[in-house]
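This report refers to the structure that appears directly beneath it.
The values are calculated or read from the model by the stated rules, or taken from the named source; none is laboratory data. These numbers were taken from a predicted model, which means no experiment stands behind them. Cβ: placed from backbone, ideal geometry, glycine included. Neighbour counts: every protein chain shown. When the accessible area is computed, the model is the full protein with side chains, heavy atoms only, and any ligands, DNA or RNA have been set aside. Shrake-Rupley method; radii C 1.70, N 1.55, O 1.52, S 1.80 Å.
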Amino acid sequence: AQGLGAAPASSQGGEAVMTYLLGIDIGTTNVKTVVLEAESAHVLAAADQEYPIAQPQPGYAEQNPDDWWDAVCHTARQALQESGVDPTAVKGIGLSGQMHGGVFLDAENRPLRPAIIWADTRSAPQVTDLMARADRATLAQYAPGLPAAGFLGPTLMWLAAHEPETLARTRVVLMPKDYVRLRLTGTIGTEASDAAATWLLDVAAADWSDWLVSYCGLERRYLPPVGQSADVAGGLLPEAAEALGLQAGIPVAAGAADMTAQALGYGLYEPGRALVIVGTGGQVFHSLTKPAVDPELRYYVFNHAVPGRWYAQAAILAAGLSLRWLRDLLGLRDREDAYDHLSALAADVPPGAEGLIFLPYLAGERTPHMDPAASGLLLGLRLHHGPGHVARAVMEGVTFALAECLDMVADPGTAVIASGGATKSPVWRAILSDTFERPLMLSHGAHHGCVGAALLGGIAAGLYADFADATGRLPQPEVAVTPDAAHAAFYRERRALFRGMYDKLRDDMHALAGR
């Protein structure tokens with residue numbers, strides 16, 4: 001679709017004809033849909049609808065794919081109504097979705113069982129088996145990173161072992177947003193950014209890896225064709241058009257995994273700017289021009305939505321989750337301004353929290369340790385420490401962990417765009433800037449994953465000439481805070497202490513966890 005370059009708005013008799021795009025994100029807990037004005041890339045309206053996660057057994061995480069579809073139909077109609085846009089002016093649809101999970105379809109394209117999503121850990125024994133059969137150096141030749149429970153490859157291995165009849169009847173397995181694509185267009189397929197996160201893709205070739213598929217003991221027969229994110233997956237089916245309140249035949253883009261769609265919504269696909277997301281977990285994203293996999297597999301390298309681009313993704317598990325843990329521990333769960341209150345308390349405490357340091361491994365850790373048995377720690381506790389000290393230590397510890405991620409995937413001069421709940425706190429913004437030792441940029445707008453999805457829809461529809469044309473319409477991020485030199489020097493020393501804590505205490509953590 002690239003290079004088609006049709007104008008998003010035209011003039012007819014002196015009056016501009018506005019065109020619009022729909023961006024749909026199939027998240028873990030809800031669907032979000034936005035209506036985007038194509039010329040300005042401005043979000044006119046947004047709607048969301050939640051759905052449940054079923055946990056029939058400990059460690060299981062399943063969803064009903066029809067819940068996603070119902071939420072897509074509802075949010076599309078609601079967003080269109082709130083925008084006031086004539087549905088006939090919507091000219092393209094793009095998709096984004098939660099990564100790693102799978103929907104198992106029979107010969108009639110009906111789900112054979114509930115979808116198994118990324119949060120499911122039942123495949124932990126399969127991951128242990130994968131790790132036992134090859135060393136990291138060998139895996140680094142073929143894999144985008146270490147396998148993890150919840151990734152589609154290990155999940156399919158679990159299915160082969162525990163539900164072989166389901167796998168035998170499976171005609172194709174689709175990622176969540178690809179199931180929605182099927183409902184929209186009737187076409188079966190995926191694209192490289194989502195397929196990369198299955199642990200079954202050759203990320204350099206952007207096609208299924210015979211080595212990984214064989215290593216997992218699986219078959220290519222139920223893996224869908226792999227295309228590119230801005231490809232036209234098909235036209236909107238008449239029954240889908242009626243359900244969404246749109247015209248039939250609108251081009252639907254293949255879409256992208258949520259991480260790369262969000263990056264695209266920030267305009268990020270070339271190296272030079274890193275995205276640091278401090279949400280429930282924490283992610284650091286940096287674009288690459290080559291699929292340079294870390295030989296130690298401390299982070300992941302996946303395909304970007306943009307052809308010929310990849311990205312390094314490092315992650316920590318308990319970023320904002322650590323502050324939520326403290327909020328609940330202090331009995332502030334029902335206080336509406338709890339996070340503002342904790343931010344104010346932390347602001348009254350000097351850098352270093354007067355001798356207190358926090359290790360944010362409350363749910364184990366990914367980058368750089370890849371250790372589910374790692375545990376959290378408050379070191380240096382004294383009688384003078386109060387809630388404000390702990391709040392500041394939590395913010396600093398999470399930031400130190402994110403700085404470890406940033407140092408691995410991006411050069412020291414790389415600019416940083418920050419996103420997530422932490423950016424609402426002035427003190428946490430300053431800690432981020434001081435620790436990263438570079439200015440912290442904040443982006444305008446919201447719903448970046450949906451915006452990225454909508455831009456893909458615009459490229460597929462020929463409303464944008466290419467990715468540069470699409471992202472060039474987005475508002476540019478602005479510097480929100482610059483580092484304090486004295487604080488940066490102090491945090492450099494404190495990070496050295498932080499960095500050594502895990503190695504010193506790893507065996508004790510494992511013993512306490514029963515490992």
Q. Of all residues in the range 464-515, which are of a type in the set (Lys, Arg) and without any contact (Cβ under 8 Å) to a residue 40 or more places away in the chain?
A. Lys504
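Would you call Tyr215 out of contact with any strand residue (DSSP E or B) (no Cβ under 9 Å at 6 or more places or on another chain), aromatic (Phe, Trp, Tyr) and surrounded by 18 or more Cβ atoms within 10 Å (Cβ to Cβ)?
On the way: out of contact with any strand residue (DSSP E or B) (no Cβ under 9 Å at 6 or more places or on another chain): yes; aromatic (Phe, Trp, Tyr): yes; surrounded by 18 or more Cβ atoms within 10 Å (Cβ to Cβ): yes.
Yes.
How many of the residues in the range 382-396 are part of a helix (DSSP H, G or I) and out of contact with any helix residue (DSSP H, G or I) (no Cβ under 9 Å at 6 or more places or on another chain)?
0
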Q | Failed item, numbered, when Leu44 is tested on (1) at pLDDT below 95; (2) in contact with a helix residue (DSSP H, G or I) (Cβ under 7 Å, 6 or more places away or on another chain) | A | (1)
Q | Selected residue (only one of Leu402, Leu406 is open to solvent by less than 10 Å² (accessible area, probe 1.4 Å), closer than 14 Å to Ala318 by Cα and not in a loop (DSSP other than H, G, I, E, B)) | A | Leu402
Q. Only one residue in Gln49, Gln57 is part of a loop (DSSP other than H, G, I, E, B), surrounded by fewer than 24 Cβ atoms within 10 Å (Cβ to Cβ) and of a type outside the set (Gly, Ala, Ser). Which one?
A. Gln57
Q: Could you check, for the range 277-297, whether at least one of its residues is among the aromatic types (Phe, Trp, Tyr) and either open to solvent by 20 Å² or more (accessible area, probe 1.4 Å) or farther than 18 Å from Val451 by Cα (or both)?
A: no
Q. Can you spot a residue in the range 298-321 that is open to solvent by less than 60 Å² (accessible area, probe 1.4 Å), out of contact with any strand residue (DSSP E or B) (no Cβ under 7 Å at 6 or more places or on another chain), more than 30 Å from Ala253 (Cα to Cα) and not basic (Lys, Arg)?
A. no
Q. When you look at Arg492, is it modelled with pLDDT of 95 or more, over 23 Å from the mean Cα position of the chain (by Cα) and farther than 15 Å from Ala41 by Cβ, yes or no?
A. yes
Q: Could you list all residues from the range 82-124 that are of a type in the set (D, E, K, R) and within 29 Å of Gly249 (Cα to Cα)?
A: Glu82, Asp86, Lys91, Asp106, Glu108, Arg110
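Residues are listed down the side, and each one gets a yes or a no for (1) assigned to a strand (DSSP E or B); (2) at pLDDT below 95; (3) closer than 30 Å to Val409 by Cα:
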{"position": "Thr166", "(1), (2), (3)": "no, no, no"}
{"position": "Val173", "(1), (2), (3)": "yes, no, no"}
{"position": "Asp194", "(1), (2), (3)": "no, no, yes"}
{"position": "Ala243", "(1), (2), (3)": "no, no, no"}
{"position": "Leu246", "(1), (2), (3)": "no, no, no"}
{"position": "Tyr269", "(1), (2), (3)": "no, yes, yes"}
Q) In the range 329-368, how many residues are open to solvent by less than 60 Å² (accessible area, probe 1.4 Å), part of a loop (DSSP other than H, G, I, E, B) and either of a type in the set (A, V, I, L, M) or touching an Asp or Glu at 6+ places or on another chain (Cβ under 9 Å) (or both)? A) 10
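Tell me which residues, restricted to the range 186-202, are open to solvent by less than 10 Å² (accessible area, probe 1.4 Å) and not aromatic (Phe, Trp, Tyr).
Gly189, Thr190, Glu191, Ala192, Ser193, Asp194, Ala195, Ala196, Ala197, Thr198, Leu200, Leu201
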Q. Does any residue of the range 439-450 turn out to be in a loop (DSSP other than H, G, I, E, B) and free of Cβ contacts under 8 Å to residues at least 60 places away in the same chain?
A. yes
Q.
Going residue by residue through the range 61-69, is there one that turns out to be assigned to a loop (DSSP other than H, G, I, E, B), modelled with pLDDT under 95 and open to solvent by less than 20 Å² (accessible area, probe 1.4 Å)?
A. yes
Q: Kindly establish whether Trp199 is of a type in the set (A, V, I, L, M, F, W, C) and touching a residue at least 60 places away in the same chain (Cβ under 8 Å).
A: no
Q) Has the range 451-462 got any residue that is assigned to a loop (DSSP other than H, G, I, E, B) and either open to solvent by 50 Å² or more (accessible area, probe 1.4 Å) or over 20 Å from Ala305 (Cα atoms) (or both)? A) no
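Per-residue answers, yes or no, for (1) of a type outside the set (A, V, I, L, M, F, W, C); (2) farther than 24 Å from Arg366 by Cβ; (3) touching a Pro at 6+ places or on another chain (Cβ under 9 Å):
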site: Pro111; (1), (2), (3): yes, yes, yes
site: Ala115; (1), (2), (3): no, no, yes
site: Ala134; (1), (2), (3): no, no, no
site: Thr138; (1), (2), (3): yes, no, no
site: Ala143; (1), (2), (3): no, no, no
site: Ala148; (1), (2), (3): no, no, yes
site: Thr155; (1), (2), (3): yes, no, no
site: Pro164; (1), (2), (3): yes, yes, no
